[in-house]
Amino acid sequence: LAIQNVDDRKVFPQRSPQDGKINWESSAEEIDRFIRAQTHPYPGAFTFLNDERLTIWQALCLRDKQGKEPGTLTKDGGIILVATGTYQLQLTEFSFNGQDYNLTEQKKGFRNKSQCMEEIFKEKVLLS
């Protein structure tokens with residue numbers, strides 16, 4: 001083994017909790033990739049909903065631009081949509097208020113769609 005030259009080494013900062021925060025101004029594709037990069041076993045990509053942490057584990061990128069402000073969370077039938085800097089994302093798996101939700105299928109330990117809609121959508125919200 002060769003002795004490492006201390007002057008040539010590169011030191012990178014350690015990850016901080018803020019590294020997982022979603023920037024809704026980014027494109028839907030960038031946010032989708034960011035969410036996939038932060039998912040299990042990592043701490044997850046997150047945002048805040050009414051000052052509560054909303055961790056997003058999985059989302060679908062939709063080619064549907066609604067002209068809403070980035071970070072605007074809306075429901076359309078049984079799906080949850082978030083406006084980004086380009087298109088919308090459909091949230092499919094996330095954690096909020098200590099509960100895990102999966103909106104594509106009912107999994108053990110996950111709350112169902114109707115419970116999710118009632119708990120989250122008491123008013124129009126903007127994620128931060």
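Quick note: the coordinates plus some simple rules give every number you see, no bench work behind them. Note that the structure is predicted; figures quoted are calculated from it, not measured. Note that we place each Cβ from the backbone using ideal geometry, even for glycine, and neighbour counts take in every protein chain shown.
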Three semi-axes of the equivalent ellipsoid, region 16-60, Cα gyration tensor, whole Å, largest first:
15, 13, 10
Between VAL11 and PHE48, what is the spin-label point distance in nm, taking each point 7 Å from the Cα along the Cα→C-beta axis?
3.2 nm
Taking 22 Å as R0, compute the FRET efficiency from the Cβ-Cβ separation of LYS68 and HIS40 and round it to 0.05.
0.15
So how do 30-37, 1-8, 89-96 stack up, highest first, on mean other-Cβ count within 10 Å?
89-96, 30-37, 1-8
For a quick protection proxy, order the peptides 15-25, 78-88 by their average other-Cβ count within 10 Å, most packed first.
78-88, 15-25
At 4 °C and a viscosity of 1.567 mPa s, what translational diffusion coefficient does Stokes-Einstein give for region 1-99, taking Rh as the Kirkwood radius over Cα pairs? Give it in µm²/s as a whole number.
87 µm²/s
